[in-house]
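The values are calculated or read from the model by the stated rules, or taken from the named source; none is laboratory data. Being a predicted model, the structure only gives us computed values, none of them experimental. In this analysis, Cβ positions are derived from the backbone assuming ideal geometry, glycine residues included, and neighbour counts consider all displayed protein chains. The accessibility values were calculated without ligands, DNA or RNA, using every heavy atom of the protein model including side chains. Shrake-Rupley method; radii C 1.70, N 1.55, O 1.52, S 1.80 Å.
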Amino acid sequence: QVQLVESGGGFVQAGGSLRLSCAASGSTSNTYAMGWFRQAPGKERDFVAVVNASGESQYYATSVRPRFTISRDITKNTVYLQMSNMKPEDTAVYYCAASRSYPELSTTSYQFWGQGTQVTVSS
């Protein structure tokens, strides 16, 4: 089992920056690829970015590249999503998730999920 807890969401003006964190726990959490997804009201949950287990490889949705950067700190068992030059369309609940394979873009390929953190970007 892997437990995931997101933090760092909040309000930001367009053009601003925000960093999300996802703390992972569980004996095998460091063996999972870690992804970020987001879900706006009335829409499906969309892939944002994913980093492999070692942290050496990343993959991004076209809509966020190169504004967002995903990284992970193995020593802290934490994954980050640095968001820059943010736009109102980035407003959503952001979810952290863990997958046994990499790279995976579909929600169905992720076995564990966090509770989500709200990000609101004002224009």
For the chain, set up a GNM with springs between Cα atoms under 10 Å and report which of Ser99, Ser54, Ser29 has the largest fluctuation. Ser54
Roughly to the nearest percent, how much of the accessible area of the chain is carbon and sulfur, given a 1.4 Å probe? 48 percent
With DSSP loop assignment and no more than 16 other C-beta atoms within 10 Å, the GluC sites (Glu not before Pro) in region 42-112 are Glu44, Glu56
Place a +1 charge on the Cβ of each Lys and Arg in region 40-123 and a -1 charge on the Cβ of each Asp and Glu, then give the dipole magnitude about the Cα centre in debye, rounded to the nearest 20. 60 debye
Can you tell me the accessible area per residue over region 71-115, all protein chains present, probe 1.4 angstrom, in square angstrom? 48 Å²
Give a residue-ordered list of calculated ³J(HN,Hα) values for region 109-115 (Karplus: 6.51 cos²θ - 1.76 cosθ + 1.60, θ = phi - 60°; whole Hz; x for Gly, Pro). 8, 10, 8, 9, 9, x, 8
Given DSSP loops and a limit of at most 12 other Cβ atoms within 10 Å, what is the longest stretch of the chain that contains no such trypsin sites (Lys or Arg not before Pro)? 77-123
By the Cα gyration tensor axes a ≥ b ≥ c (a/c under 1.5 gives rounded; else a/b larger than b/c gives prolate, otherwise oblate), the shape of region 70-112 is oblate
